Amino acid sequence: MSKKEVERRSRRWTRRSEKPIRYGPLARCADWWCATRDARKGLPELPADDRRTPDADIPTGTPHMSFLGQQGIERKAKEWIVYQSEVADPMAHRSDLAARHKALRDELVLAEQRFTALDEGAPDTGKVAGEDRTDPGVAAQRRAKAHAAKRDEAKAKVDRLTAELNRMSAEIAQLDEQIAIQKEIHERRADIIEAHIRRRRAAYETRLVRKHPQGLFLNRLLRPDWPAVPDWATAASARIPRTRSGDLRPVLAARDEEG
C-alpha cells in the first residue's frame, strides 16, 4: 500500500462526525425561559426532603417536558410515515413476486414428477395404428425416440422453471435488502430525533435545577444519567449492515476491501 493510500484512508477514518440536528439559539432560549418561569412558579412541586417518600414515587414532570416528549413522538411518527410511503411500492412488488414464486414452485414440483416418471420409466415398444406391417424393431425405435423427446421436453421445462425461480428469489432478496436498509435508515433518523429531544430536555432541566428553590433535591430526583452507547458503536461489536445472506462482516475487513 502506497503512502498516499494510507494518508487517504487515514483522512477518511478520522474525518469529522456528522452534525446533530440544529439546536439553534431561539429554541435554546425558549427552553431556558420556560425552565426559569417554571422554577419561579415552583414547578415541579416537590414535598419536603425528609427521605420518607421514595424518590421514584415523587413526580418531577412539567408541562414543558410533556411538550418536548410529544414533539419527539410527532417527529418520529412522521419518519415512520415517510418510511411506509418509500417502501409501499417495493413491498407491493414483493407480494406479487411471492405469489408468483409460490405458483411456480407448485408447477415445478409437478414438472419434476413428470420428468422423473419419464426418466425412470421404459418406453412403450408396442405398435400403434398404421404399423401392422412395420418391423417390430423399427416400431420400438420410434417409441424410444418419442419417449426421449417427451423426456427432453420435461427436462427443459424443469430447467426453465428452476431458472425462473432462482431469478425471482434473487429479486425478492434484493427487495428485502432494499426494504431493510430503508428501515434501518429511518430507525437511525428516529434515534437522531430522540437524541435531539433529550438534548433540549437536558438544557431545560439544567436551567430548571439551577433556578428551582429545591434545586439540589430536584437534581437528585431527575437522575441525569449518561445515555447508553448503541451496540453497533462499540469496538467489540461494531459491524457493517447484514449481507444478503444474513452474515455479518467486521468493519475492518470491509475497510480493507475498500482500500
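The values are calculated or read from the model by the stated rules, or taken from the named source; none is laboratory data. Please read all numbers here as calculations on a predicted model, not as lab measurements. All Cβ positions, glycine included, derive from the backbone under ideal geometry; neighbour counts span all protein chains shown. Side chains are part of the model used for accessible areas, which takes the heavy atoms of the whole protein and leaves out ligands, DNA and RNA. Shrake-Rupley method; radii C 1.70, N 1.55, O 1.52, S 1.80 Å.
Give the number of residues within segment 192-226 that are open to solvent by 80 Å² or more (accessible area, probe 1.4 Å) and in a helix (DSSP H, G or I).
8
Regarding PRO63, is this residue within 41 Å of the chain's Cα centre (by Cα) and either surrounded by 17 or more Cβ atoms within 10 Å (Cβ to Cβ) or within 16 Å of GLY215 (Cα to Cα) (or both)?
No.
Quick check, is ASP57 open to solvent by less than 80 Å² (accessible area, probe 1.4 Å) and not hydrophobic (A, V, I, L, M, F, W, C)?
Here the answer is no, as ASP57 does not meet what is asked.
Show the residue pairs that are 6+ apart or on different chains and have beta-carbon atoms under 6 Å apart, the first residue being within segment 139-167 and open to solvent by 90 Å² or more (accessible area, probe 1.4 Å), the second being not hydroxyl-bearing (Ser, Thr, Tyr).
LYS150/LEU118
Restricting to segment 20-49, give me the number of residues that are open to solvent by less than 70 Å² (accessible area, probe 1.4 Å), in contact (Cβ under 8 Å) with a residue 40 or more places away in the chain and assigned to a helix (DSSP H, G or I).
The total comes to 8.
Which of the following residues is assigned to a helix (DSSP H, G or I), out of contact with any Lys or Arg (no Cβ under 8 Å at 6 or more places or on another chain), within 30 Å of ARG37 (Cα to Cα) and open to solvent by 80 Å² or more (accessible area, probe 1.4 Å): ARG75, ARG52?
Going through ARG75, ARG52 in turn, the sole match is ARG75.
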